[in-house]
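The values are calculated or read from the model by the stated rules, or taken from the named source; none is laboratory data. Owing to the predicted nature of the structure, the values given are computational and were not obtained by experimental measurement. All Cβ positions, even for glycine, are placed from backbone atoms using ideal geometry, and neighbour counts span all protein chains on display.
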């Protein structure tokens, strides 16, 4: 069985790491390079940088932040936020990213998924899906969770996989920053619908939440931010807990 991955997310605004609740009320959490350095030592499996205002402000994710983080780590780095074109993706990868994450742009121009997968390989293309519960389904939102679409998260994940995405980063807007646990129902719905790995995001608060999303949620990886940023839980202790519960992790 493949090891489950623990991923630290650096939500960056104006060159600083921030964190909020339900995509709102952002507060500063530190310097991205310094946090990346710490996570590299602690044994995190991957790091994701998301420029949370890049799309809203119509600008690229800042290359200097990517370079600063990439210089501190020896593990996979994904970058999202403002990746709207093939040139944007190339700039992020040239700055040190191993993967690029598409959200709004993928919905607006799905062919970009295929273009990047053909250029860099599917393993380098992540499609980020921000979703909320809407009655009996999970609606997809864009522009940092501020704008609804007519898309269903499960259907969109299937299409993204068909178009060449190598991974889905699935964030529950309802759970984001609440520390009440991942949306395991939504994660399982997407995970069982696609043949590619799904990263669960939104709601991590305890070690039990990770164990739950890896088992009942069928996630291949779990992403968290604030519980790591503010030194509330160590990556080493989390992995030891999961291993004791029978969840395969890289120790």
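Close contacts from the range 204-227, counting a first residue that is part of a strand (DSSP E or B) and a second that is buried (at least 20 other Cβ atoms within 10 Å of the Cβ) and at pLDDT below 95, with Cβ to Cβ under 6 Å and a gap of 6+ residues or different chains, come to 223/9; 224/204.
One residue stands out among those in the range 114-157 that are at pLDDT below 95, touching a helix residue (DSSP H, G or I) at 6+ places or on another chain (Cβ under 7 Å) and assigned to a strand (DSSP E or B): the one that is farthest from residue 177 (Cα to Cα), which is 149.
So which residues in the range 14-35 are more than 16 Å from the chain's Cα centre (by Cα), under 19 Å from residue 72 (Cα atoms) and at pLDDT 75 or above, if there are any at all? 15, 16, 30, 31, 33, 34, 35, listed by residue number. If you check residue 60 against the conditions, is it modelled with pLDDT under 90, in a helix (DSSP H, G or I) and more than 24 Å from residue 174 (Cα to Cα)? No.
Of all the criteria given as (1) at pLDDT 90 or above; (2) in contact with a strand residue (DSSP E or B) (Cβ under 7 Å, 6 or more places away or on another chain); (3) not in a loop (DSSP other than H, G, I, E, B), the one not satisfied by residue 41 is (2).
Remark: pairs (first residue in the range 134-146, at negative phi and surrounded by 15 or more Cβ atoms within 10 Å (Cβ to Cβ); second residue assigned to a loop (DSSP other than H, G, I, E, B) and modelled with pLDDT of 90 or more; Cβ separation under 8 Å; 6+ apart in sequence or on different chains) = 141/173; 142/103. Would you check which residues across the range 158-175 are in contact with a strand residue (DSSP E or B) (Cβ under 6 Å, 6 or more places away or on another chain) and under 22 Å from residue 204 (Cα atoms) and list them? Selection gives 167, 168, 169, 170, 171, 173, 174.
So is residue 229 buried (at least 20 other Cβ atoms within 10 Å of the Cβ) and more than 19 Å from residue 174 (Cα to Cα) or not? When the stated conditions are applied, residue 229 passes them.
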